[in-house]
Amino acid sequence: MRYQHFGDINTSADVHVPIDVAMQHSMSQRISLREGKELSEQASAQSQLVRSFLSMSKTVQAVITMKEAISYSQSNEIEESSLDEREASTLLPSVSKPRLTRRFQAAIVAAYIVVFVLLLINTALLLRARSDSRLVNKEWSDCGNNPQEARDRGCKFDITNFSWQHEPCFDRELTDEFVSKMEFRFFKEENQTTEVSFDEALQGELDLWVPWELHMQHCLYAWRQMHRSIGSSSRQLNNQLLDFNHTMHCGMMLMRRDREMKGINTKVLVNYPACQI
């Protein structure tokens, strides 16, 4: 959803325009391809790191078990010693109790550090491999500048954020859910002179005035779409949802209490964000 505030917080309405225009051309450049050999080598390295991590974990566990056994044995020896033995011990040269050497303790600490470092490296490689696999053979593409161009490019209108989107960035399941619960009214003017039907709004051809509640719903559905994309290898996010400023904006809007939820006080503009295809 595109937006920009005109006036201060006490104005009667919020008008929204694009946030991603400055990013559009730079993000439309082709993403560099990653060779299959590189991904294969990363997968092999990850597998080796996992095996090393498991082996090191077993070693550390064995060391810890040994340390606990020694401590337990020492404790039992002290508890089982009799009063007579303690009195007799005063007549004999003192013998120090066996203790873990500093070298042995240092080895335990070093083992923990090695395991921790291996875990960090493995996590980084896994994230990099997942990112690379999603960038191979993909480039940024928008849906044009008007509804007809969008249709010609195979884009679909997503009313959850009033945008035309390519198939990889179009979450049909969320959009259908949003539509099934839609009870909002749409107007061409702020003064609510001309009301627009829901079916007409779904055509994605008009900039419209909507209630504040729809703005809030947009933010909630945008966050759900982001989370669903993270857990999927096929779902993509358009460059507006990827913009951290949009997330911050939604967070601030959800905190506001000076807007009437049903009031027609927000203007939304049809937009055409870029998507990786």
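The values are calculated or read from the model by the stated rules, or taken from the named source; none is laboratory data. Every value quoted in this text rests on a predicted model; they were computed, and no experiment measured them. In this analysis, Cβ positions are derived from the backbone assuming ideal geometry, glycine residues included, and neighbour counts consider all displayed protein chains.
Yes/no matrix, rows are residues, columns are (1) surrounded by fewer than 17 Cβ atoms within 10 Å (Cβ to Cβ); (2) hydrophobic (A, V, I, L, M, F, W, C); (3) at pLDDT 90 or above; (4) closer than 22 Å to Ser141 by Cβ:
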site: Cys169; (1), (2), (3), (4): no, yes, yes, yes
site: Phe186; (1), (2), (3), (4): no, yes, yes, no
site: Glu200; (1), (2), (3), (4): yes, no, yes, no
site: Trp223; (1), (2), (3), (4): yes, yes, yes, no
site: Leu242; (1), (2), (3), (4): no, yes, yes, yes
Residue under question is Glu173, and the condition is that it be out of contact with any Leu (no Cβ under 8 Å at 6 or more places or on another chain) and farther than 27 Å from Glu149 by Cα; does it hold?
no
Taking the range 223-255 and keeping residues part of a loop (DSSP other than H, G, I, E, B), touching a residue at least 60 places away in the same chain (Cβ under 8 Å) and not acidic (Asp, Glu) leaves Ser233, Ser234, Arg235, Gln236, Leu237, Asn238
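Name the residue that is surrounded by the most Cβ atoms within 10 Å (Cβ to Cβ), counting only residues in the range 250-277 that are among the aliphatic types (A, V, I, L, M) and farther than 19 Å from Phe162 by Cα. Working first, answer last.
Taking the range 250-277 and keeping what is among the aliphatic types (A, V, I, L, M), we get 252-255, 261, 264, 268-270, 274, 277.
Narrowing the set further to residues that are farther than 19 Å from Phe162 by Cα leaves 252, 255, 277.
Numbers: Met252: 10, Met255: 7, Ile277: 15.
The qualifying residue surrounded by the most Cβ atoms within 10 Å (Cβ to Cβ) is Ile277.
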Is it the case that Ser229 is of a type outside the set (Asp, Glu), under 18 Å from the mean Cα position of the chain (by Cα), at negative phi and at pLDDT below 95?
yes
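Check Phe187, Phe157, Phe198 and return the single one that is touching a residue at least 40 places away in the same chain (Cβ under 8 Å) and either farther than 27 Å from Met248 by Cα or basic (Lys, Arg) (or both).
Working: Phe157 fails: either farther than 27 Å from Met248 by Cα or basic (Lys, Arg) (or both); Phe198 fails: touching a residue at least 40 places away in the same chain (Cβ under 8 Å).
The match here is Phe187.
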Failed item in (1) part of a helix (DSSP H, G or I); (2) farther than 14 Å from Gly263 by Cα, with Leu214 passing the rest
(2)
Report the residue count in the range 146-174 for those that are within 20 Å of the chain's Cα centre (by Cα) and within 24 Å of Trp212 (Cβ to Cβ).
4
Which count do you get for residues in the range 232-268 that are hydroxyl-bearing (Ser, Thr, Tyr) and farther than 15 Å from Cys219 by Cβ?
3
Does Leu174 meet the test of being part of a helix (DSSP H, G or I), at negative phi, assigned by TED's automatic domain parsing to the domain that holds Val270 and not charged (D, E, K, R)?
yes
If Cys143 passes every condition in (1) part of a loop (DSSP other than H, G, I, E, B); (2) surrounded by fewer than 15 Cβ atoms within 10 Å (Cβ to Cβ); (3) modelled with pLDDT of 95 or more but one, which one does it miss?
(2)
